[in-house]
Amino acid sequence: MMVRPGYFLAVSLTLSLLFLDSRVNYGASGPKFNDGGNKHNLSISNTGVNYKASNAADPRSTQICIFCHTPHNAKPQTVLWNRADTTQTFGHYSSSTLSIHTDASARTSSDYKAEPNGSSRLCLSCHDGVTALGAILTGQAIEVNGSTLTAMSGTHVFDRSKITNSHHPVSFKYTVDVVARLRTLENPGSDYWLPANSSSQAKNFVKLDREQRVQCTTCHDPHQTKYNDTLNTPSLTPFWVYDGSGLGTVNADTVHDEVCYACHSFKAPNL
């Protein structure tokens, strides 16, 4: 078989264009966990972040995973967890119009906890603004920003006021029974569905935990933001689970809202 000159070049260019075209509707992802600029990477070598290890003489400061994970003597809450538990009391979102809080049937079927649990509570072991960022289970805390007592501050801290008044509810079961009760209580003004039954493009990214609870990790990926919002401060998609794949228009607003639509017909809590 005779192959025309330039054939392989043409094929290569065609495949490259097809590949690029298949990505045209995706947003750019943020830095991976081991890359510079990822805020959950607290190692001393990170760049462009507010918090990182600062004692070069401590061999732990060069490690990346140690601030959250350990291969030995881990806490049982989740995979190889290496952080001290937060000592704070948060309560839960308690709006007078939140059905899973005010309706006895919805509250029972959703098993709405008085305190955040599961992965949400793990997140709060850094985001409580009190627990030292370098506080690991065994040994002295790792020095961060010049002190072993450095805790998070600013808009990313979640205290009782924020959890109970201005934060999406977390740590509640979201099952067919809960969906049915919410529809009964709120239709026709609102509609609900499980992520698996949603028509949202984000349904394959939005996950409930193994107890079918909505947690922080339902909308957020602690290791890498899948859509890197560089236009808004603060970001509309911080450590977002969804990259915008499948959307006709991809920007921070549409990617953010599509995650909301994976569970209900409105993009903000029905307060």
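Stokes-Einstein diffusion for the range 66-127, with the hydrodynamic radius set to the Kirkwood value over Cα pairs and evaluated at 37 °C in a medium of 0.692 mPa s, equals 245 µm²/s. Taken along the Cα-to-beta-carbon direction at a fixed 7 Å, the label points for Thr230 and Leu149 span 3.9 nm. Hey, how many Å between the Cα centroid of the range 40-90 and the Cα centroid of the range 101-156? Each part reduced to its Cα centre gives a spacing of 14 Å.
Translational diffusion coefficient of the chain (Stokes-Einstein, Kirkwood radius from Cα pairs, 37 °C, 0.692 mPa s): 158 µm²/s.
Remark: the range 117-129, residue by residue, has Karplus-estimated 3J(HN,Hα) of 10, x, 5, 4, 5, 4, 4, 6, 6, 10, 8, 7, x Hz, where x stands for each Gly or Pro and the curve is 6.51 cos²θ - 1.76 cosθ + 1.60 at θ = phi - 60°.
For the range 20-138, dividing the convex hull volume of the Cα atoms by the residue count gives 194 Å³ per residue.
Note on Lys207: aspartates and glutamates with a C-alpha under 17 Å away, same-chain residues under 8 apart excluded, are Asp221, Asp243, Asp257, Glu258. Applying the Karplus relation 6.51 cos²θ - 1.76 cosθ + 1.60 with θ = phi - 60° to the range 149-164 yields 3J(HN,Hα) values of 9, 4, 10, 5, 9, x, 5, 8, 7, 10, 10, 4, 4, 5, 4, 8 Hz, where x marks Gly and Pro. Here the range 145-250 yields Rg over Rh of 1.02, to two decimals, using C-alpha coordinates and the Kirkwood radius.
When the pairs Lys32/Lys267; Lys32/Lys203; Lys39/Lys203; Lys52/Lys162; Lys32/Lys226 are compared against a 18 Å limit on Cα-Cα distance, Lys32/Lys267; Lys32/Lys203; Lys39/Lys203; Lys52/Lys162 fall above it. Within the range 105-133, name every residue whose backbone N is under 15 Å away from a label modeled 7 Å from Cα of Ser94 along the Cβ vector. So the set is 112-116. The tail of the calculated P(r) for the range 28-70 beyond 12 Å holds 55 percent of all Cα-Cα pairs. Percent of C-alpha pairs per 5 Å bin in the range 199-271, short distances first: 3, 18, 27, 28, 17, 6, 1, 0. Semi-axes of the equivalent ellipsoid for the range 82-223, computed as √(5λ) from the eigenvalues of its C-alpha gyration tensor and ordered from largest down, come to 32, 16, 13 Å.
Read-outs throughout are calculated quantities, based only on the coordinates presented, and are distinct from any laboratory measurement. Since the model is a prediction, treat every value here as computed from it, not as a measurement. In this analysis, Cβ positions are derived from the backbone assuming ideal geometry, glycine residues included, and neighbour counts consider all displayed protein chains.
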